Amino acid sequence: MTYVNRSPMVYDVCIIGSGAAGGAAAKVLTEGGVSVVMLEAGPSLNPAKDFKQHIWPYELPHRGAGVGGTADEFMAPNGAWEIDGEPYTSAPGPKFHWFRSRIVGGRTNHWGRVALRFAPIDFKPRSVDGMGDDWPITYEELAPYYDKVESYIGVFGTKENISSSPDGVFLPPPKPRCTETILKKACDKLNIFCIPARMAILTRPLNGRAPCHYCGQCTRGCISASNFSSSQVLIPSALATGRLTLITNAMAREIVVSKSGKAEAVSYIDRITRTEKRVYARGFVVAASACESARLLLNSRSPLFSEGLANSSGAVGHNLMDSVGSFGSGHFPQLERMPPHNHDGSGGNYLPHVYIPWWKFSRKNEFLRGYHIEPGGGRFMPVVGDFDHVCNRFEGYGSSLKQNCRRSYGTSIGMEALGEMIPNEHTYCELDPAEVDEWRIPVLRFHWRSGENEIKMAKDMQETFRAIVEAAGGTYTTHTSPGGANPYGIYEGGTSIHESGTVRMGDNPKNAALNKYCQAHDVKNLFVTDAAAFVTCPDKNPTLSILALSWRASEYLLEQAKKGNL
């Protein structure tokens, strides 16, 4: 792959990545009148062909479980923990798991659609408890962009006036399922908030998109585009302007800089022809996902940037975070007596119509920051493996075993808690000194360690799960240990798929790579607008904030371009 095809076309802006950040940038920039080229490492997407939204298990070769039960045949395409030919490595010690997507729309085709705003305190945590760093922006600066995003993509919810979970521009929420009413009553007994969920799923028509029809299969992809994805909501809007050129199967290798120190091109591998090409632009938006964006900058070395592009601070790759996670479930005998009925709804399996925002913000806890809980349960469509453990609980076979399966099905309720991780010096990603992918591009090596604060938080999560289950009349069935590799069931790094912080923003160029508009301190025509820019990783799922930050940065980019400042 030595031949370089240098395009004679010079675009106004090149966007690398087509997920939440890339899609938002494409919409804002093209509607602002500039020409944009977007590079996506995967193929194009045809929802009608590629999504398996209404497919029955018996229609798939392996009943949806894949060969040997190693894959989910239902899942929206081209998202995986492991990609052939594209490895990554982990340093000795705890492992980091990296979920990646290679398709137009990126991981917005796969996410759970939980859409939560960061709270005002989330932007200034160091000022409160002295740990980590404050963001260079405030909630008030980002709030107008939350408004724009929610108004455009559609988010359901209710106004609750809870300081840890700011209200937004909401569509009406769906009604709670019976399992969720059980949890709600238990939370009320314990003085724990339990409110309607906030999800990027339409409950009313919006911008030409139909409302959700409650088939409960959101993780498979939504043919009607009732739930939000960049591939079906943002990129079509950008393409409709006639100013977006979308190049698929384009694996970015490096960003090339001119003698003046400005970015001038992206060198990428055409995965189909296996040739190296370049695309030229006046401005660049890196939106490939937090770790992939850091990898691209670290691989973009030159005489001017020997440690990687925009990395004079040394911050690129460092401050890696993921949501602190733990899971618990309980058995509820009252659900055995529940007449069979349709438990479908928005979100799909284990994605709730209610959620529990952080409620102990006014108390002194054993740990800093907080977490929220997403419950789920009920009688969703059975899939392969749902009854794997029935024989461990009941003796018998034939009709008696079938009766036990029917009686136990849908009688458990699970809860996943997601909390804030405080960045630490032991957790980061760097280029592996020896390993490369099939395109000969150096891969990432991950270092991961959960701190004492995160472990104490996981302990509190487990105590809360048990309290809620028992208050609801159930039996807590999850067993965790205070020791071992995963104390109190704490998730391994990357498992929450909320990685962030690897190219963080800050006012000081000595310890931050980006300014408050996601613009590189070192390279004025380079922006990084995905979760890499995050300074902290609050307990809220990051996608809504990625969209708002990218929207804000793109408007700033337009303004600077018009002034000739790039």
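Here r is the Cβ-Cβ distance between A210 and A240 and R0 is 22 Å; the resulting FRET efficiency, rounded to 0.05, is 0.75. Counting only lysines at least 8 places from K189 when in the same chain, those with an alpha carbon closer than 19 Å to its own are K360.
Spin-label pair C391-E307: with each label point 7 Å from Cα along the Cα-Cβ axis, the two points sit 5.8 nm from one another. Only alpha carbons enter this Debye calculation for the range 7-145, each as an equal point scatterer, and the log10 of I(q)/I(0) it gives at q = 0.16, 0.21 Å⁻¹ is -1.12, -1.26. The mean sequence distance of close C-alpha pairs (under 8 Å, at least 6 residues apart), as a share of the length of the range 391-474, puts its relative contact order at 22 percent. Here the Karplus relation 6.51 cos²θ - 1.76 cosθ + 1.60, evaluated at θ = phi - 60°, turns the backbone of the range 402-408 into coupling constants of 4, 5, 5, 4, 5, 5, 8 Hz, with x for every Gly and Pro. Taken over the C-alpha atoms, the range 410-483 has Rg and Dmax values of 19.0, 57 angstrom. The aspartates and glutamates whose alpha-carbon is closer than 16 Å to the alpha-carbon of K159, local same-chain residues fewer than 8 away aside, are D147, E150, D167. Relative contact order for the chain: 23 percent, from Cα pairs under 8 Å spaced at least 6 residues apart, divided by residue count. What's the FRET efficiency of V383 with N565 using the Cβ-Cβ distance as r and R₀ = 60 Å, to the nearest 0.05? After rounding, the FRET efficiency stands at 0.65. The H on the amide N of T275, modeled in the peptide plane, is under 5 Å from the matching H of D270, each at least 5 residues off or on a different chain. When you restrict to C-alpha pairs under 8 Å that are six or more residues apart and normalise by the size of the range 247-392, the relative contact order lands at 13 percent.
Here the peptides 368-381, 9-22 are ranked by packing, the mean other Cβ count within 10 Å, and the order with the highest first is 9-22, 368-381. Considering every pair of different Cα atoms, what Kirkwood radius, in Å, is found for the range 195-253? Value: 13.5 Å, from the Cα pair sum. Among beta bridges from DSSP that stay inside the chain, the antiparallel ones total about 65%. Here is the P(r) of the range 474-519: all C-alpha pair distances, binned every 5 Å from 0, give 5, 17, 14, 11, 11, 11, 9, 10, 7, 5, 1 in whole percents.
The Cα-based radius of gyration of the range 222-303, divided by its Kirkwood radius, gives an Rg/Rh of 1.03. Sequence-ordered 3J(HN,Hα) estimates for the range 13-20 from the Karplus curve with 6.51, -1.76 and 1.60 and θ = phi - 60° stand at 9, 10, 10, 10, x, 10, x, 4 Hz, glycine and proline given as x.
Phi-derived couplings, Karplus 6.51 cos²θ - 1.76 cosθ + 1.60 at θ = phi - 60°, listed residue by residue for the range 231-243: 5, 10, 10, 8, 5, x, 5, 5, 5, 5, 6, x, 10 Hz, with x used for Gly and Pro.
Backbone amide hydrogens, once placed in the peptide plane, bring Y409 within less than 5 Å of nothing, excluding anything fewer than 5 places away on its chain. With the largest listed first and rounded to whole Å, the semi-axes of the equivalent ellipsoid of the range 371-438 from the Cα gyration tensor are 42, 20, 11.
The residues of the chain have, on average, 40 Å² of accessible surface per residue, using a 1.4 Å probe with all protein chains present. Relative to the 2.2 N^0.38 Å rule of thumb, the chain has a C-alpha radius of gyration ratio of 0.96.
Packing order of peptides 117-128, 196-207, highest average first: 196-207, 117-128 (average count of other Cβ atoms within 10 Å over each peptide's residues). The gain in end-to-end length when the V67 to M9 segment is fully stretched comes to 16.4 nm, 0.36 nm per residue minus the alpha carbon separation. Working from label points 7 Å from Cα in the Cα-to-Cβ sense, the S362 to I455 distance is 3.3 nm. Among 234-240, 257-263, 81-87, sorting by the average number of other beta carbon atoms lying within 10 angstrom of each residue, highest first, gives 234-240, 257-263, 81-87. Estimated purely from DSSP H runs of n ≥ 4, each contributing -39500 (n - 2.57), the mean residue ellipticity at 222 nm for the chain is -6500 deg cm²/dmol once divided by its residues. Counting Lys and Arg as +1 and Asp and Glu as -1, what is the net charge of the other residues whose Cβ lies under 11 Å from the Cβ of A263? Charge balance in the 11 Å sphere: 0. Proximity of backbone amide H atoms, modeled 1.01 Å from N, is registered between R504 and A513 at under 5 Å, excluding neighbours fewer than 5 places apart on the same chain.
The label-point distance for V128 and R466, in a model that sets each label 7 Å from Cα toward Cβ, rounds to 2.7 nm.
Atom-type composition of the exposed protein surface of the chain places 52 percent of the accessible area on carbon and sulfur (1.4 angstrom probe). Computed from the C-beta positions of Y476 and I55, the FRET efficiency with R₀ = 30 Å rounds to 0.30. At a Cβ-Cβ separation cutoff of 4.7 angstrom, cysteine residues of the chain with no neighbouring cysteine are C14, C178, C212, C215, C218, C222, C291, C391, C405, C429, C518, C537.
The values are calculated or read from the model by the stated rules, or taken from the named source; none is laboratory data. Every value quoted in this text rests on a predicted model; they were computed, and no experiment measured them. Note that each Cβ is placed from the backbone with ideal geometry, even for glycine, and that neighbours are counted across all protein chains shown. These accessible areas exclude ligands, DNA and RNA; they are computed on the full protein's heavy atoms, side chains included. Shrake-Rupley method; radii C 1.70, N 1.55, O 1.52, S 1.80 Å.
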